[in-house]
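Comments concern the structure below.
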Amino acid sequence: MKIRLPIITVITFVMALVQSSSVQANDHDQGRFVDLSLIVAENYPCTWATGFPRFYINRYIRIGPSSPYNSDLLQIDGNTGTQIDVPPHSIPRPGSGLKNAGPLGLEYTDRTPAWKLVGEACLIDVTSLLDQAPNGVSPLVKKEHIIAWEKKHRPLGQGDIVLLRSGYSDRYYKPMPEGRRFLALPLEKKTPAWPDPDPECMAYIAKKGVTAVGCDSPTMGPMPDLAAAVHDEGLLRGLVFTEGATNLKKLPPTGAFYCMMGPRHFEGPYGEGRAFAILGNRAEPLIKAARAKRVAELSVVMAANHPLTWPGRGISRHRHPYTRADFFYEPALDIFHHTHLMDSHAGTHLVPPAYTLPRPGFNNNNYSPKVQQWLEEYEAGFGKRGTSRVTSDKVPLSQTAGNARVIDVRELVGTTKSSNWPASPVITTAQIETYEKSTGQLNPDDVVLFRTGHVDTHFRPLPEGKACMENPINGLSEGWPAPDAATILYLAKRGIRCVGTDAPTLGGVNPKQALFTYWMLGGRGVVGVEFLTGLGQLPPGAHFLFAPVKIKGCHGGPGRAIALY
């Protein structure tokens with residue numbers, strides 16, 4: 001008898017794609033998901049235009065003689081693309097002696113409660129305001145616009161997320177140089193600025209008890225001089241903002257489930273993120289859970305003194321460490337603005353097919369001799385490896401969402417011999433079959449999550465945190481439990497399209513086993529979510545959501561995972 005009581009019937013995945021490594025259909029084709037995020041790329045106006053560090057991607061690890069993997073070095077500021085503002089963007093920390101200081105001044109992106117990220121989208125159409133102002137000035141959304149919406153639909157209240165749709169980003173977010181119209185030209189007072197609420201409007205919305213407010217403008221700040229006042233009216237009341245949303249025209253006035261989340265940067269007053277919505281009957285139970293604040297956090301905090309990035313075996317095989325770079329001091333808050341440099345697989349992140357699958361036309365002789373030998377062995381056992389161009393921005397959001405099927409494999413911890421280290425206990429099909437006998441067969445609507453307990457136990461500040469990755473990789477302690485290629489094949493045949501783990505990687509610490517696992521994931525069109533935490537808190541029937549930042553051509557995908565129940 002099944003004891004799993006799913007909170008919703010999640011999307012029915014297109015079965016024709018289960019065996020494919022080219023998961024390129026958009027979210028509209030995959031289900032009732034609507035992506036509301038801007039693409040982040042170097043040739044787009046994705047970063048705030050006045051002195052903030054520009055977004056940069058360096059594809060510094062490439063499949064070839066030196067590595068069978070692709071990975072990227074990202075320089076990304078929190079004011080990039082579709083982004084989230086949290087209270088410390090306007091509120092100083094308590095004890096600072098500064099104006100408006102208080103407890104909300106500590107609610108950084110790493111401490112923002114997960115329930116504030118979700119709710120029912122209340123779409124307010126203000127497209128009539130677009131470009132209806134002098135150059136360098138924002139047309140203002142007034143509280144009368146909100147009151148008129150409430151009279152037509154319903155009063156706003158707790159658990160609602162107000163989204164102001166002007167159509168600005170839809171019209172003006174374009175590649176450079178045309179993209180200067182998005183930010184640079186309004187700031188130069190050569191074109192009208194974006195529509196935004198005035199302080200009275202924001203105060204009215206905030207007093208209604210809503211969870212968050214979003215806009216499809218670059219910032220929740222009217223030009224030329226009301227930005228600080230508008231931020232204060234919302235953030236001082238504990239709201240969070242979505243800035244730089246797009247595609248809001250796809251949403252109904254009410255009834256859509258909305259989510260906006262991004263990496264949990266330590267002491268981040270704002271952060272890059274991913275906004276999306278779920279429509280139809282699937283949205284209703286999620287909205288109910290959001291209003292009841294039944295939302296679980298499943299992502300690690302991104303802090304430079306923690307083991308977030310692959311350290312490599314021995315010397316000089318590490319990936320770029322997660323780095324915070326301060327660049328501008330804000331005296332009113334007594335904090336520095338900062339950007340981050342990180343490997344695209346730092347912290348809680350996505351593993352897309354193009355992580356280990358080369359592009360079509362790749363010559364296998366470009367691998368090192370050892371990897372060529374491994375490939376022969378892999379293909380003899382499992383068939384052709386495959387190729388892919390599916391980077392994180394091409395993975396549908398629907399693929400990383402579904403009924404959470406948490407498979408507890410903690411019994412495997414301590415089952416390897418120290419003489420065989422570095423080694424990870426292997427999660428085999430036997431564990432999956434045992435789980436299915438007790439809880440019911442896995443279905444294509446499910447996301448399989450392996451609970452190893454490794455991150456919960458070993459994710460600590462360094463040097464204690466070496467027990468998380470560095471020591472197991474170098475054979476000083478046992479590796480974390482990890483599925484082999486045969487296990488991934490079993491899951492793929494069940495129709496599973498996303499597999500997650502609360503370990504640093506799905507591959508484990510044995511290089512050949514890890515590569516086989518990733519080749520199988522990519523070759524079967526299955527994506528991974530790695531470096532989760534807190535899986536033990538999920539009850540049966542929880543619904544898993546993960547969203548990476550929408551970075552063009554990224555071979556990883558830093559993001560955030562939550563679950564509603």
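The values are calculated or read from the model by the stated rules, or taken from the named source; none is laboratory data. Since the structure is predicted, the reported quantities are computational estimates derived from the model, not experimental observations. All Cβ positions, glycine included, derive from the backbone under ideal geometry; neighbour counts span all protein chains shown.
Which of the residues belonging to region 143-185 are small (Gly, Ala, Ser) and under 17 Å from Ala256 (Cβ atoms)? Don't jump to the end; show me each part of the working.
Initially, region 143-185 is screened for residues small (Gly, Ala, Ser), giving 148, 157, 159, 166-167, 169, 179, 184.
Result: Gly157, Gly159.
If I go through region 182-206 residue by residue, how many of them are part of a helix (DSSP H, G or I) and either outside the structural domain of Gln132 (by TED's automatic domain parsing) or among the hydrophobic types (A, V, I, L, M, F, W, C) (or both)?
Here is the first cut: in region 182-206, the residues part of a helix (DSSP H, G or I) are 184-187, 199-206.
Next, only the ones that are either outside the structural domain of Gln132 (by TED's automatic domain parsing) or among the hydrophobic types (A, V, I, L, M, F, W, C) (or both) stay: 184-185, 187, 201-203, 205-206.
Total satisfying the criteria: 8.
Report yes if Gly214 is outside any helix (DSSP H, G or I), in contact (Cβ under 8 Å) with a residue 60 or more places away in the chain and touching a Leu at 6+ places or on another chain (Cβ under 7 Å), otherwise no. Break it down into steps so the answer makes sense when it comes.
Details: outside any helix (DSSP H, G or I): yes; in contact (Cβ under 8 Å) with a residue 60 or more places away in the chain: yes; touching a Leu at 6+ places or on another chain (Cβ under 7 Å): yes.
Spelling it out, Gly214 is indeed outside any helix (DSSP H, G or I), in contact (Cβ under 8 Å) with a residue 60 or more places away in the chain and touching a Leu at 6+ places or on another chain (Cβ under 7 Å).
Which one of these does Asn364 not meet: (1) surrounded by fewer than 13 Cβ atoms within 10 Å (Cβ to Cβ); (2) touching a residue at least 12 places away in the same chain (Cβ under 8 Å)?
With respect to (1) surrounded by fewer than 13 Cβ atoms within 10 Å (Cβ to Cβ); (2) touching a residue at least 12 places away in the same chain (Cβ under 8 Å), Asn364 is out only on (2).
For Gly209, are the conditions met, namely being part of a loop (DSSP other than H, G, I, E, B), under 29 Å from the mean Cα position of the chain (by Cα) and on the phi > 0 side of the Ramachandran plot?
Working: part of a loop (DSSP other than H, G, I, E, B): yes; under 29 Å from the mean Cα position of the chain (by Cα): yes; on the phi > 0 side of the Ramachandran plot: yes.
It is true that Gly209 is part of a loop (DSSP other than H, G, I, E, B), under 29 Å from the mean Cα position of the chain (by Cα) and on the phi > 0 side of the Ramachandran plot.
Which residues, taken from region 38-91, are among the aromatic types (Phe, Trp, Tyr) and outside any strand (DSSP E or B)? Spell out how you get there, then give the answer.
Residues of region 38-91 among the aromatic types (Phe, Trp, Tyr): 44, 48, 52, 55-56, 60, 69.
Scanning region 38-91 gives Tyr44, Trp48, Phe52, Phe55, Tyr69.
Look through region 416-437, keep the residues that are polar (S, T, N, Q) and touching a residue at least 60 places away in the same chain (Cβ under 8 Å), and return whichever of them is surrounded by the fewest Cβ atoms within 10 Å (Cβ to Cβ). Write out each step before concluding.
Our first condition is that a residue be polar (S, T, N, Q); within region 416-437, this holds for 416, 418-420, 424, 428-429, 431, 434.
Right, trim to touching a residue at least 60 places away in the same chain (Cβ under 8 Å) and you get 416, 418, 424, 429.
On the way: Thr416: 18, Ser418: 10, Ser424: 26, Thr429: 15.
Across region 416-437, the extreme among qualifying residues is Ser418.
List pairs: first residue in region 526-550 and on the phi > 0 side of the Ramachandran plot, second residue aromatic (Phe, Trp, Tyr) and part of a loop (DSSP other than H, G, I, E, B) anywhere in the structure, Cβ distance under 7 angstrom, at least six positions apart or on different chains.
Close Cβ pairs (under 7 Å, with a partner that is aromatic (Phe, Trp, Tyr) and part of a loop (DSSP other than H, G, I, E, B)) amount to Gly541/Tyr565.
Can you tell me which residues in region 143-181 are touching a strand residue (DSSP E or B) at 6+ places or on another chain (Cβ under 6 Å) and either assigned to a helix (DSSP H, G or I) or more than 29 Å from Gly238 (Cα to Cα) (or both)?
Correct list: Trp149 only.
Taking Lys512, is it under 17 Å from Pro68 (Cα atoms) and basic (Lys, Arg)? Break it down stepwise before answering.
Numbers: under 17 Å from Pro68 (Cα atoms): yes; basic (Lys, Arg): yes.
Yes: the conditions hold for Lys512.
Quick one: in region 457-479, of everything that is charged (D, E, K, R) and either surrounded by 17 or more Cβ atoms within 10 Å (Cβ to Cβ) or in a loop (DSSP other than H, G, I, E, B) (or both), which residue is nearest to the chain's Cα centre (by Cα)? Show your work before the answer.
Taking region 457-479 first, the residues charged (D, E, K, R) are 460, 464, 466, 470, 478.
The next check asks that each one be either surrounded by 17 or more Cβ atoms within 10 Å (Cβ to Cβ) or in a loop (DSSP other than H, G, I, E, B) (or both); those that pass are 460, 466, 470, 478.
Values: Arg460: 22, Lys466: 25, Glu470: 25, Glu478: 29 Å.
This residue is Arg460.
Out of (1) over 18 Å from Ala229 (Cα atoms); (2) out of contact with any Gly (no Cβ under 8 Å at 6 or more places or on another chain), what's the single condition that is false for Glu120?
(2)
From the list Met223, Met260, which residue is modelled with pLDDT of 95 or more, on the phi < 0 side of the Ramachandran plot and assigned to a strand (DSSP E or B)?
On the way: Met223 fails: assigned to a strand (DSSP E or B).
Residue meeting the stated conditions: Met260.
From Arg274, Arg264, grab the single residue that is in contact (Cβ under 8 Å) with a residue 60 or more places away in the chain, surrounded by 19 or more Cβ atoms within 10 Å (Cβ to Cβ), basic (Lys, Arg) and in contact with a helix residue (DSSP H, G or I) (Cβ under 9 Å, 6 or more places away or on another chain).
Details: Arg264 fails: in contact with a helix residue (DSSP H, G or I) (Cβ under 9 Å, 6 or more places away or on another chain).
Selected residue: Arg274, the only one of Arg274, Arg264 that is in contact (Cβ under 8 Å) with a residue 60 or more places away in the chain, surrounded by 19 or more Cβ atoms within 10 Å (Cβ to Cβ), basic (Lys, Arg) and in contact with a helix residue (DSSP H, G or I) (Cβ under 9 Å, 6 or more places away or on another chain).
Yes/no matrix, rows are residues, columns are (1) over 22 Å from the mean Cα position of the chain (by Cα); (2) aliphatic (A, V, I, L, M):
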{"residue": "Trp194", "(1), (2)": "yes, no"}
{"residue": "Ala203", "(1), (2)": "yes, yes"}
{"residue": "Cys215", "(1), (2)": "no, no"}
{"residue": "Asp225", "(1), (2)": "yes, no"}
{"residue": "Leu239", "(1), (2)": "no, yes"}
{"residue": "Thr242", "(1), (2)": "no, no"}
{"residue": "Leu251", "(1), (2)": "no, yes"}
{"residue": "Gly271", "(1), (2)": "no, no"}
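Looking at Gly507, Gly500, Gly559, Gly553, which is the one that is buried (at least 24 other Cβ atoms within 10 Å of the Cβ) and within 21 Å of Arg62 (Cα to Cα)?
Values: Gly500 fails: within 21 Å of Arg62 (Cα to Cα); Gly559 fails: within 21 Å of Arg62 (Cα to Cα); Gly553 fails: buried (at least 24 other Cβ atoms within 10 Å of the Cβ).
None of the other options fit; the residue is Gly507.
In region 399-415, how many residues are under 26 Å from the mean Cα position of the chain (by Cα) and surrounded by fewer than 14 Cβ atoms within 10 Å (Cβ to Cβ)?
0
Residues of region 474-492 being more than 19 Å from Val529 (Cβ to Cβ) and among the acidic types (Asp, Glu), which ones?
Scanning region 474-492 gives a single hit, Glu478.
Which pairs have Cβ atoms under 7 Å, sit 6 or more apart or on different chains, and link a residue in region 112-128 that is assigned by TED's automatic domain parsing to the domain that holds Ala275 and of a type in the set (Val, Ile, Thr) to one that is surrounded by 23 or more Cβ atoms within 10 Å (Cβ to Cβ) and assigned to a loop (DSSP other than H, G, I, E, B)?
Cβ pairs passing all conditions: Thr112/Val86; Val126/Ser166; Val126/Pro195; Thr127/Ser166.
Looking only at residues that are part of a loop (DSSP other than H, G, I, E, B) and among the charged types (D, E, K, R) in region 480-494, which one is farthest from Trp519 (Cα to Cα)? It would help to see each step written out before you state the result.
Initially, region 480-494 is screened for residues part of a loop (DSSP other than H, G, I, E, B), giving 480-481, 484, 494.
After this cut, where a residue has to be among the charged types (D, E, K, R) as well, the list is 484, 494.
Working: Asp484: 11, Arg494: 18 Å.
It comes out as Arg494.
If I ask for residues that are among the hydrophobic types (A, V, I, L, M, F, W, C) and touching a helix residue (DSSP H, G or I) at 6+ places or on another chain (Cβ under 6 Å), which ones from region 449-463 would you list? Before you say what the answer is, go through the steps one by one.
In the first step, residues of region 449-463 are kept if they are among the hydrophobic types (A, V, I, L, M, F, W, C); the result is 449-450, 455, 459, 462.
Residue satisfying the conditions is Leu449 alone.
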